[in-house]
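Data first, discussion second: the structure below is written as structure tokens.
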Amino acid sequence: MNYRRLAILLIIYQCVLLRNVQSLEVPKHMRSGAKKLTNLCIKETGVTEDLFIEAQETGKMPNNQRLKCFIHCVLDKIGLIDADNIVHLDNLLEILPPEFVTIVEELHTTCGTQSGADGCETAFLTTECYIKTNPVILKLLFTTFSE
């Protein structure tokens, strides 16, 4: 399964969870794909999984350079950040079912791209904005990527 398809499936699943937060069980086939992507980006960035645990426990993403680059790696592998470090969450609008468009539009409209000093910081700041806009995203992100 390619990373873009995995990302779309994860976002669709996460959007469903945003509407029904009682169940945070990530299906096994999605955990497997997310774990492959996670392992690839962990290897590339040197981030440690204890940062994922810290995020889950505190409800905040640790301000850590390796974590920032991990987020950039994930966005890059799934085609949501370009070479100029512009986040293109709106690219998902063309392929998502109509019932998911509202959530993605809200995140895209509210956050756009939060520019940082480099691609890693830009990815981190943009993801922080998504979390501030809808705090459930933090739990979903690190539940998905830490399993």
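The values are calculated or read from the model by the stated rules, or taken from the named source; none is laboratory data. All values reported here derive from a predicted model rather than from experimental measurement. All Cβ positions, even for glycine, are placed from backbone atoms using ideal geometry, and neighbour counts span all protein chains on display.
Here Phe70 passes the criteria (1) at negative phi; (2) surrounded by 15 or more Cβ atoms within 10 Å (Cβ to Cβ); (3) assigned to a loop (DSSP other than H, G, I, E, B) except the one numbered (3). Pairs are defined by a Cβ separation below 8 Å, a sequence spacing of at least 6 or placement on different chains, a first member in segment 105-123 that is within 17 Å of Leu138 (Cα to Cα), and a second member that is acidic (Asp, Glu) and surrounded by fewer than 16 Cβ atoms within 10 Å (Cβ to Cβ); the pairs so defined are His108/Asp90. Taken over segment 73-84, the residue count meeting the criterion of being out of contact with any His (no Cβ under 8 Å at 6 or more places or on another chain) and crowded, with 17+ Cβ neighbours inside 10 Å is 6.
Quick grid of which residues meet (1) modelled with pLDDT under 90; (2) closer than 22 Å to Cys111 by Cβ:
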site: Asn39; (1), (2): yes, no
site: Pro62; (1), (2): no, yes
site: Arg66; (1), (2): no, no
site: Cys69; (1), (2): no, yes
site: Asp76; (1), (2): no, yes
site: Leu80; (1), (2): yes, yes
site: Asp84; (1), (2): no, yes
